[in-house]
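The values are calculated or read from the model by the stated rules, or taken from the named source; none is laboratory data. As the structure is a prediction and not an experimental result, all values here were calculated from the model. So basically every Cβ, Gly included, is an ideal-geometry build from the backbone, and we count neighbours across all protein chains shown. All accessible areas refer to the heavy atoms of the entire protein, side chains included, with ligands and DNA or RNA removed. Shrake-Rupley method; radii C 1.70, N 1.55, O 1.52, S 1.80 Å.
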Amino acid sequence: MPNIKIFSGSSHQDLSQKIADRLGLELGKVVTKKFSNQETCVEIGESVRGEDVYIVQSGCGEINDNLMELLIMINACKIASASRVTAVIPCFPYARQDKKDKSRAPISAKLVANMLSVAGADHIITMDLHASQIQSDLHRRPVECGLRSDSQRTEEGQ
């Protein structure tokens with residue numbers, strides 16, 4: 001498969017390696033580190049110019065750090081002239097905060113969707129969204145959701 005590069009964030013390197021192995025590709029070179037003030041630094045270690053880039057990063061574990069790392073990786077690839085950047089997010093961060101349930105409450109899932117868009121994600125692949133309305137919040141970008149949302153399961157009586 002020419003013109004495809006897969007990069008792994010630090011949240012789930014085993015999954016990224018399994019995806020790359022299944023596709024017969026090597027994982028792209030990326031270095032992530034923290035500055036002394038805990039800011040995240042990401043360095044893409046190879047050219048992505050004109051390539052279709054897939055970045056695998058889950059929204060579990062240290063959610064805020066993983067999300068920021070993903071956003072920086074997306075932006076770094078976009079700035080480096082990647083043809084297309086796809087975020088592969090098995091567990092979408094802040095997916096449970098998908099509606100306004102109290103006055104002055106944020107819709108954090110929509111904020112995350114907007115941040116992914118601003119960072120430069122052209123496509124998002126995720127799984128098992130908490131509710132299907134998150135997918136509409138991602139309306140600016142093509143989204144693929146591999147599993148049904150909680151609301152879809154309820155509607156089907158499961």
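Inspect all residues belonging to segment 23-36 and state whether any of them is at pLDDT 95 or above and surrounded by 18 or more Cβ atoms within 10 Å (Cβ to Cβ).
Yes, that holds for at least one residue.
Counting just the residues of segment 1-22 that are of a type in the set (A, V, I, L, M, F, W, C) and free of Cβ contacts under 8 Å to residues at least 60 places away in the same chain, which one comes out most open to solvent (accessible area, probe 1.4 Å)?
Out of the qualifying residues, it is Met1.
Have a look at Val143, Val118, Val112 and point out the one that is among the aliphatic types (A, V, I, L, M), surrounded by 18 or more Cβ atoms within 10 Å (Cβ to Cβ) and modelled with pLDDT of 70 or more.
The conditions single out Val112.
From the list Glu51, Glu46, exactly one residue is modelled with pLDDT of 95 or more, open to solvent by 40 Å² or more (accessible area, probe 1.4 Å), touching a Lys or Arg at 6+ places or on another chain (Cβ under 8 Å) and more than 16 Å from Ile124 (Cα to Cα). Which is it?
Criteria check complete, one pass: Glu46.
Does segment 51-66 contain any residue that is under 16 Å from Thr32 (Cβ atoms), among the hydroxyl-bearing types (Ser, Thr, Tyr) and within 9 Å of the chain's Cα centre (by Cα)?
The answer is yes, given that some residue of segment 51-66 is under 16 Å from Thr32 (Cβ atoms), among the hydroxyl-bearing types (Ser, Thr, Tyr) and within 9 Å of the chain's Cα centre (by Cα).
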